[in-house]
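Participant: Please see the structure below; I have some questions.
The values are calculated or read from the model by the stated rules, or taken from the named source; none is laboratory data. Since we're looking at a predicted model, the values are computed, not measured. Positions of Cβ are generated from backbone atoms using ideal geometry, with glycine treated the same way; all protein chains shown enter the neighbour counts.
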Amino acid sequence: MSKVPELFGSMVFNDTVMKERLPKDTYKALKKTVQDGKTLDITVANVVANAMKDWALEKGVTHFTHWFQPMTGVTAEKHDSFLSPNGSEGTVIMEFSGKELIKGEPDASSFPSGGLRATFEARGYTAWDPTSYAFIKEGVLCIPTAFCSYGGEALDKKTPLLRSMEVVNTQALRILRLFGNTDVKRVITTVGPEQEYFLVDREQFKKRKDLVYTGRTLFGAKPPKGQELEDHYFGSIKPRVHAYMKDLDEELWKLGIQAKTEHNEVAPAQHELAPIFANTNIATDHNQLTMEMMQKVALRHGLACILHEKPFAGVNGSGKHNNWSISTNTGVNLLEPGKSPHDNAQFLLFLCAVIKAVDEHQDLLRISVASAGNDHRLGANEAPPAIVSMFLGDELTEILESIENGSSYDEKEKSEMVIGVDVLPHFPKDTTDRNRTSPFAFTGNKFEFRMLGSTVSIAGPNIVLNTIIADALDQFASRLETASDFKTEINAIIKETLKKHKRIIFNGNNYSDEWVQEAQKRGLLNLKSTADALPLFVSDKNIKLFTKHHIFTETEMRSRCEILLENYCKVLNIEALTMLDMVKKQILPAAYSYIKDVGETASAAKALSADIPCESETKLICKLSTLCGCLSKKAEVLDKALVDAKNEESDMVRCAHYYRDTVFAAMQELRVVADEIETLVGEKYWPYPTYGELLFGV
Ligand code: ADP
Ligand code: MG
């Protein structure tokens, strides 16, 4: 373990390496480019590329790739070697030019574009993102890049994320300047994503078509034991899992990812990994890499890492907690309640921006976590409901209420309190009783957005968070910049925000039925499924918001909406087809051969003596045969539902609703019957590993 500091970041072309290997001028020029967000001069790029190549060659690397994040939700890469012919002598040299570093032209035609390619140039290009370090993964030099069409439309998740970080920077700086803060040069958002996952035996995983094709089990009777004893959560880690985690940590550390805590989660075979937080752009790259390495390292240990939101019915699914805050380049966390009233006025203003943003854009936060997989979790009493609300804790809520009502909080007596930069209550340090049921919880100096599913790229939710908060800050700044009296205006803004948006604050149990009723009374949105949520992405309000801040163009938004809706339908389609395949090729044949053997057993007994009753055999055969008949009928219904789906494909919104209401409903019904059959058929007849074997097999 003493080698960890040496190991850490050893595969990253980071600041230390750059300082070491780049000429001073080049290093300075590159730093300046990164800070100012300018494009890089080609002569500088040539020098950087050459240094990168030399560094990579020393580590045995022969190939490079532009590494990007298309709308598929996973990362993409296309490897090229450094090889270059050397004159006519048939020899080669290893080369990597500035041009190759800065720009790539992958064939974009097979990535989802939601119709963008019809309107724009078919080809796309990748452009180096120098704010995220290049790294070596599996012997390949990876250059983090943004992916755009030739018309400049974003085809990926990084481009809008970078745009949203710029907007937060601009708007937050305006506020800080108003508070007389001149030393801050840049404001960034920070994220620490906690990642949940399941580990099962690889051989068993491979035996299940549903896991292989869809990442989740589509059938499976409940085993006698699930998570009811609560003995897995934070339990001691099994040796095989421990070896996996150790190996994973080392791989992540090499990539400069600060994997920090790992523990068992609530469900059997479920675990969690949390890194130390980082700048949102880097945290997003790192989370994508983490998910990839989790799966790759699992292979080495004979394990399969399942990242799906709901791999097993009956036990908890997996989420991703997006811990989010805003920080200055001088290291000040702007969501940290300050020690002095002056600091607190600034803190309160940022807090109010979050309150306003979350209330005004509940729909966007919900949309940002919508997926077929996450539909199984949200609102299912294991994850937050589909209703967005905020937890602030009793203390902070009480302070805010006293401000709103103009009563004193400190003295608890009725005296007018002036909210300005001079008089504000002293905030007690994080005494919040962590509310585990809240979708968006203040946890002392950051917000924890808990609605994310385990597979989602955190880019989407953070694009939304950054943009909506920047928009609120923008509105506040505009008012304050033109106010005749700064203190009075802050007072007014805070009071108004609380009056108008306090409905979003809820400190109680988000899992309760009462909350659903109460939320409805408060007029909060309850977008139950992906099909309900996604279409709202392109509402007038949202188009206005994103185009105003240049995060998305309207075309980009419409294309994204289309891609996501289509993806939702495709996922359900694959799941339904897999179910039908398993029913016809595995479940029914297994039941039939069991029926046959039981029937032969009964016949043999009867042949021995007509007095042998064979009652249980007859009953079992009768029951199984009836269930098989029922299963066949339900399979026919699902079959037909899929055929009819073709009629809906011209309108993606209608198609998504159809898949949810008709296809998904038919899948549920099919599953119930198959699971009952599983409980009746002899173990050795069952064609694939059961829940018990999968969940307790490692
Ligand atoms: P918990 O008690 O929920 O485990 P931790 O304080 O350990 O809370 O933090 C959980 C995650 O939040 C970690 O990934 C951590 O790095 C991250 N985190 C902490 N502070 C911040 C911050 N200012 N901005 C973003 N993420 C943060
Ligand atoms: Mg957490």
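Participant: Can you name every residue in the range 319-345 that is of a type in the set (S, T, N, Q), within 16 Å of ligand 1 (Cβ to nearest atom) and either crowded, with 24+ Cβ neighbours inside 10 Å or over 28 Å from the mean Cα position of the chain (by Cα) (or both)? Give the derivation first.
Facilitator: Narrowing the range 319-345 to residues of a type in the set (S, T, N, Q): 322-323, 325, 327-330, 333, 340, 344.
Remaining after also requiring within 16 Å of ligand 1 (Cβ to nearest atom): 322-323, 325, 327-330, 333.
Residues satisfying the conditions are 322, 330.
Participant: Evaluate the range 525-539: report whether one residue or more is more than 22 Å from the chain's Cα centre (by Cα), over 21 Å from residue 660 (Cβ atoms) and in contact (Cβ under 8 Å) with a residue 12 or more places away in the chain.
Facilitator: Initial filter on the range 525-539 (more than 22 Å from the chain's Cα centre (by Cα)): 539.
Remaining after also requiring over 21 Å from residue 660 (Cβ atoms): none.
So far as the range 525-539 goes, no, none of its residues is more than 22 Å from the chain's Cα centre (by Cα), over 21 Å from residue 660 (Cβ atoms) and in contact (Cβ under 8 Å) with a residue 12 or more places away in the chain.
Participant: Still on this structure, please answer the following. Considering only residues that are part of a loop (DSSP other than H, G, I, E, B) and not small (Gly, Ala, Ser), look in the range 319-350 and name the one that is nearest to ligand 2 (Cβ to nearest atom).
Facilitator: Keep residues of the range 319-350 that are part of a loop (DSSP other than H, G, I, E, B), which gives 329-332, 334-340.
After this cut, where a residue has to be not small (Gly, Ala, Ser) as well, the list is 329-330, 332, 334-337, 339.
Details: 329: 26, 330: 27, 332: 23, 334: 20, 335: 16, 336: 18, 337: 20, 339: 26 Å.
The qualifying residue nearest to ligand 2 (Cβ to nearest atom) is 335.
Participant: Let me ask something additional. Is one or more of the residues making up the range 372-395 modelled with pLDDT of 95 or more, of a type in the set (Ser, Thr, Tyr), under 25 Å from residue 267 (Cβ atoms) and assigned to a loop (DSSP other than H, G, I, E, B)?
Facilitator: no
Participant: Turning to a different aspect of this structure: So, of the residues in the range 250-273 that are buried (at least 19 other Cβ atoms within 10 Å of the Cβ) and of a type in the set (D, E, K, R), which turns out to be farthest from ligand 1 (Cβ to nearest atom)?
Facilitator: Among those residues, the one meeting the criterion is 251.
Participant: Please go through (1) modelled with pLDDT of 90 or more; (2) in contact with a strand residue (DSSP E or B) (Cβ under 9 Å, 6 or more places away or on another chain) for residue 23 and return the number of the only condition it doesn't satisfy.
Facilitator: (2)
Participant: How many residues does the range 274-318 contain that are within 16 Å of ligand 2 (Cβ to nearest atom), buried (at least 23 other Cβ atoms within 10 Å of the Cβ) and either without any contact (Cβ under 8 Å) to a residue 24 or more places away in the chain or hydrophobic (A, V, I, L, M, F, W, C) (or both)?
Facilitator: 1
Every residue, every condition in (1) free of Cβ contacts under 8 Å to residues at least 60 places away in the same chain; (2) within 24 Å of residue 194 (Cα to Cα); (3) touching a helix residue (DSSP H, G or I) at 6+ places or on another chain (Cβ under 6 Å), yes or no:
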| position | (1), (2), (3) |
| --- | --- |
| 464 | no, yes, yes |
| 472 | no, no, yes |
| 513 | yes, no, no |
| 518 | yes, no, no |
| 523 | yes, no, no |
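Participant: Filter the range 182-191 down to residues that are of a type in the set (S, T, N, Q) and at pLDDT 95 or above and give me whichever is farthest from ligand 1 (Cβ to nearest atom). So that I can check it myself, show each step before the final result.
Facilitator: Residues of the range 182-191 that are of a type in the set (S, T, N, Q), as a first pass: 182, 189-190.
Next, only the ones that are at pLDDT 95 or above stay: 189-190.
On the way: 189: 8, 190: 4 Å.
This residue is 189.
Participant: Mind checking which pairs have a first residue in the range 159-186 that is touching a residue at least 60 places away in the same chain (Cβ under 8 Å) and a second that is acidic (Asp, Glu) and outside any helix (DSSP H, G or I), Cβ under 9 Å, 6 or more apart or different chains?
Facilitator: Within 9 Å, the pairs are 162/129.
Participant: Could we say that residue 395 is of a type outside the set (Ser, Thr, Tyr) and surrounded by fewer than 23 Cβ atoms within 10 Å (Cβ to Cβ) here?
Facilitator: Details: of a type outside the set (Ser, Thr, Tyr): yes; surrounded by fewer than 23 Cβ atoms within 10 Å (Cβ to Cβ): yes.
Yes.
Participant: In addition: Which residues, counting only those in the range 598-612, are surrounded by fewer than 12 Cβ atoms within 10 Å (Cβ to Cβ) and closer than 17 Å to residue 623 by Cα?
Facilitator: Correct list: 600 only.
Participant: Considering each of 228, 194 in turn, give the residue that is within 16 Å of ligand 1 (Cβ to nearest atom) and either free of Cβ contacts under 8 Å to residues at least 40 places away in the same chain or of a type in the set (D, E, K, R) (or both). Break it down stepwise before answering.
Facilitator: Numbers: 228 fails: within 16 Å of ligand 1 (Cβ to nearest atom).
Sole residue among the options that is within 16 Å of ligand 1 (Cβ to nearest atom) and either free of Cβ contacts under 8 Å to residues at least 40 places away in the same chain or of a type in the set (D, E, K, R) (or both): 194.
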